[in-house]
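Reading through the structure tokens given below for one structure.
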Amino acid sequence: MTASLTQDLQYAIELARQAGKVILDRYGKVERLTKTHAATKDEAVTEADRASQRCIVEGLRRRFPNDGIVGEESETGDSITFDCPNPAGRNWVIDPIDGTNNFIAGMGNFAVCIGLLDGGYPVLGVVYDVTRDQVYAAARGEGAWHGTTRLHVPQTPMDNASLLMLTSNVVKPGGGCPGWANRWISQTNWKVRILGSAALEAIHVAAGIAHAAVTVNGKLWDIAAPAAIVLEAGGVVVSPTGQDIFPFRLDNYAGAKVPFIAAGPAAVETIVQEMQNYP
């Protein structure tokens, strides 16, 4: 890792903590709003989401004026933030609050996510678990870290003791779950857990707690930061069909879904096969 990337990571951690303070100032004093942008229509948003993103974007633009920025929110709520003069260059990807519904409910399990794509690859990621004041971070070539503890994904295959993180919006419109979700919950001994934050679910893989995390309706800002951490912890991040997500083509990204599996290398094939065999 270059000295520059080391400095970039430290700055991103500082920004995430600053955004966390902005969020906590509004915790328990929440007005639920609704987005109108087509890609995120009817998703929950709060002033805390927008204030957190303002904090991060202003900090990034001061420090990295030539880098692009993609963010989940905008000031008006009728668009995402997409400011990428060079989609193939350095572009920061922000989720100001991953787990907004948890934040609204006052139950914790939400995070600030700041990731950096360079050439479409996740080279840096920070996931800040706000209420627990826990930072998970990684930069390319330097491993993944939780404070001074280095992170490693599980290296064993799925077994009866495996913990599996599952997206909170797995229920299909009109009701019912995909066959693989029904099977995992009712026909296997896997321990299925849902946190309501795709980033924190993926972090459980990076930390060696869960064998895999599956998110079916995620967006780029849900995975950019945790992907850097999972990859540096020795894991893989692929689509539900097993295809590589990265390098990611940012050209004209408008909030399209980016479903993903974050998993240990010995577990990912099982998850992919299950999702294909039980649609």
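The values are calculated or read from the model by the stated rules, or taken from the named source; none is laboratory data. These numbers come from a predicted model, not from an experiment. Cβ sites come from the backbone with ideal geometry, for glycine too, and all protein chains shown count toward neighbours.
Screening SER197 with (1) within 12 Å of the chain's Cα centre (by Cα); (2) among the polar types (S, T, N, Q); (3) not assigned by TED's automatic domain parsing to the domain that holds LYS219 gives one miss only, at (3). Here VAL45 passes the criteria (1) at pLDDT below 95; (2) surrounded by fewer than 18 Cβ atoms within 10 Å (Cβ to Cβ) except the one numbered (2).
Among the candidates ILE261, ILE271, the residue that is closer than 26 Å to THR131 by Cα and either free of Cβ contacts under 8 Å to residues at least 60 places away in the same chain or not in a loop (DSSP other than H, G, I, E, B) (or both) is uniquely ILE261.
Residue count for segment 103-131, restricted to those that are small (Gly, Ala, Ser), surrounded by fewer than 24 Cβ atoms within 10 Å (Cβ to Cβ) and in contact (Cβ under 8 Å) with a residue 12 or more places away in the chain: 4.
Scoring GLU73 on the criteria (1) assigned to a helix (DSSP H, G or I); (2) under 17 Å from the mean Cα position of the chain (by Cα); (3) modelled with pLDDT under 95; (4) crowded, with 21+ Cβ neighbours inside 10 Å leaves a single failure, condition (1). Figure legend. Inter-residue proximity from segment 219-235: first residues in a helix (DSSP H, G or I), second residues of a type in the set (S, T, N, Q), beta-carbon distance below 8 Å, spacing 6+ or different chains. Indicated pairs: ASP222/THR215; ILE223/THR215.
Of all residues in segment 110-136, exactly one satisfies the criterion of being assigned to a strand (DSSP E or B), of a type in the set (Asp, Glu) and touching a helix residue (DSSP H, G or I) at 6+ places or on another chain (Cβ under 8 Å), namely ASP129.
Can you say whether GLY99 is out of contact with any Asp or Glu (no Cβ under 9 Å at 6 or more places or on another chain), touching a residue at least 12 places away in the same chain (Cβ under 8 Å) and either of a type outside the set (Lys, Arg) or under 30 Å from GLU274 (Cβ atoms) (or both), as far as the supplied structure shows? Here the answer is yes, as GLY99 does meet what is asked.
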